[in-house]
1. Let me know the mean shielding of B:278-287 by other chains, meaning the per-residue number of their Cβ atoms within 10 Å of its Cβ.
2. Provide the net charge surrounding B:Asn153, with neighbours chosen by a C-beta distance below 14 Å and charges set as Lys +1, Arg +1, Asp -1, Glu -1.
3. Give, as ranges by residue number, the residues of the range B:1-44 whose backbone N falls under 19 Å from the point 7 Å along Cα→Cβ of B:Val81.
4. Check cross-link reach from B:Lys136 to the lysines: straight Cα distance under 27 Å, and skip same-chain residues fewer than eight apart.
5. Given axes a ≥ b ≥ c from the Cα gyration tensor, I'd like to know whether the protein assembly as shown is rounded (a/c under 1.5), prolate (a/b larger than b/c) or oblate.
6. Could you give the distance between the Cα centres of the range B:200-241 and the range A:139-185, to the whole Å?
7. Got a sec to turn the phi values of the range B:8-24 into Karplus ³J(HN,Hα) couplings, 6.51 cos²θ - 1.76 cosθ + 1.60 with θ = phi - 60°, whole Hz, x for Gly and Pro?
8. Where is the GNM fluctuation largest for chain B (alpha-carbon springs, 10 angstrom cutoff): B:Glu108, B:Glu245, B:Glu125?
Amino acid sequence: MAPLLEIKDLKLYYPVGRSGLLGKPITTVKAVDGVSFTIIRGESMGLVGESGSGKTSLGRAILRVVEPTSGKVLLHLGKKIIDITSINHDNLRRMWKHMQMIFQDPYSSLNPRMTVRDIIAEPMVANHIAKGSDLKDRVVDMARRCGLDVEQLSRYPHAFSGGQRQRIGIARALVLHPDFLVCDEPISSLDVSIQAQIMNLLKDLQQQLNLTYLFIAHNLSVVAYACDRVAVMYLGQLVEVAPTEILYYKPKHPYTESLMSAIPAPDPDNVMEPILISGERPNPANPPSGCRFHTRCQYVDTKCETQVPELIEYDSDHFIACHYAEELQLKGALEQPAAVKKEHT
Amino acid sequence: MPKDMLLEIKDLEISLLVESHMVNIIDNVSFDLKFGEVIAIVGESGCGKTVTSQAIARLLPRELKILSGKILFYSKIDERVLDVCKLDPKGKTIHYIRGDQIGMIFQEPMSSFSPVYTIGNQICEVIRLHQKVSKKKARNISIELLDTVGIPNPVAAVDQYPHEFSGGMRQRAMIARAISCNPSLLIADEPTTALDVTIQAQILVLLQELQKEFGMAIIFITHDLGVVAQISHRVFIMYMGKIVEEGSVHDIFHNPKHPYTENLIHAIPKLGNLRERRRLVPIRGNVPSIFDELHGCAFHPRCKFFMPDKCDVHFPKCKHLTSNHSVWCYLYE
């Protein structure tokens, strides 16, 4: 279980509002506020949470596409350990060969004036990795792996459907053979029948190319299917990290419980009984004291209002940030595994 | 006419005018809806589900023309039967029905409110358009409605602007506006697609409560099969402007007959087989464009049961499997 990435106390604050034209920022939005976790080589790590919880910001801060405010991101490459947050920009560019990203919107993430061949080749050209016939061969090889029609490589992105465009984005990200790929909502803008194609493609490529994924999505069923472990984020912090099955069926954090109870099962016999969380999401510029979820938590206690719960490993590989993680008996996702269900009927 | 009938759509055909030729968007769509029933129209982008709902309220964009067919609306108030297709889309009658008897909610709550008027203003506008009440009364009704849909502190919220609301709150405010005249039909076009799961669950619960309380019928337009299974009584599966299967929610999810329905259900991840880690079964090929000329059943290029000289020639006839489960596929002829 060799780690690929160690994220230590990562923070990303955005300044908002200014006093006067050139004045100092009035306040900061704490998009990522002290996140620590480890991503194991070869796994798919899911990242879920409501919109505005800082999922995308965390993904970007790990790649240092945006400059994190503080914290460390350690990349393990063989025996070398590189701190992404402290290297200079030339070295960072070199590190991006190992870490790439695919995006939600396949329509706006491709340059409309470049042919698909040039789009896929660009990372290699920019990094002076290949040229001439070698470059061509590598483009064709990756396009094939991603299920693109090699005959169509000289076309422009507008000639492709959403699913095919997402394949182009994947080919571009993987052409440098990175170790780590951040998938930011890779299928949420695609049609249902196409989503499964892309999900299966990502799974196949992971095995073929020994990839590690950070899979950001708000569709919890998709994350369950795609990921080995899942991290739940709330207002810039991780509240629970666990292997997928444990997180879905035996959650230990009240926020995870409410998420799991709200998954609409595609089965009319499995009527959902959502635990509705009260109130609105607090302003991330001014998060609540103590446990950030206490304003909406149904199990809230006085302790929760003042003391900040740490993310602690309760069982092996099950991390929870809740004062009452051991005492609370929480419900998991509604849908039971098929095998268990049969025994009941 | 059956007593509890609310809406009857018969052989609806809608075309898009592109440079003097016509492209069929909706082809021979027929269905009906009873009082208090929740139906779901399911399909992927471009299948015509939104266009169908727009036609019911006569809100079609100018390029789209209703060629033939009937949309019969059985008015609950004066027991009239109106053919919506025959009405002037800017006339008095449709204005009277729309908003008063048909409420609509959309996917994008931000773009369906005007940013320059308060939420209360925009709800009052609907109320005063359809009911003879004073401004003060309308405002009080608005506050009550905001309370009904679960907006905290409705007295303050009524004077707020849409940008001051979060996504879930805006969606609630839109529902409040849509139900302000107690409509007998609510058309919900992807109302939860832009929302988080927890908010989505809240909105679904709210819609179910309102439906039970006021006996509203709901047409739910979505591509999310999870939402469909949770909320609807009957389901219509559409593909490229045609209904290919209709049935009760149990028929569709436990006994799907059309290859497209079956494939759709197998293409989505289910938590039940988490442990087995089964591969998803994707539908091959791409969603066709409305400009692709596909003869016969439009699903035939992607269908694993494709029968040459049959499926690609004529569209199959309707096969009634049971009294309310029908399929349009040569496999059952």
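1. Details: counts 2, 6, 10, 2, 11, 7, 2, 5, 9, 8.
That works out to 6 on average.
2. Numbers: positive: B:Arg172; negative: A:Glu280, B:Glu144, B:Asp147, B:Asp159, B:Glu164.
With Lys, Arg at +1 and Asp, Glu at -1, the neighbours total -4.
3. Of the residues in the range B:1-44, B:1-13, B:29-36 have backbone N under 19 Å from the label point off B:Val81.
4. B:Lys92
5. Details: a/c = 1.71, a/b = 1.26, b/c = 1.35.
The shape class here is oblate.
6. Here the two parts' Cα centres lie 36 Å apart.
7. Each residue's phi maps through the Karplus curve to give 9, 10, 10, 6, 6, 10, 10, 10, 9, 8, 10, 6, 6, 10, 10, 10, 6 Hz.
8. Comparing B:Glu108, B:Glu245, B:Glu125 in the GNM, the peak value goes to B:Glu125.
The values are calculated or read from the model by the stated rules, or taken from the named source; none is laboratory data. The model shown is predicted, which means the values in this text are computed figures rather than measured ones. Every residue, glycine among them, receives a Cβ derived from its backbone with ideal geometry; neighbour counts consider all protein chains shown. Please note that ligands, DNA and RNA were not included when accessible areas were found on the heavy atoms of the full protein model with its side chains. Shrake-Rupley method; radii C 1.70, N 1.55, O 1.52, S 1.80 Å.
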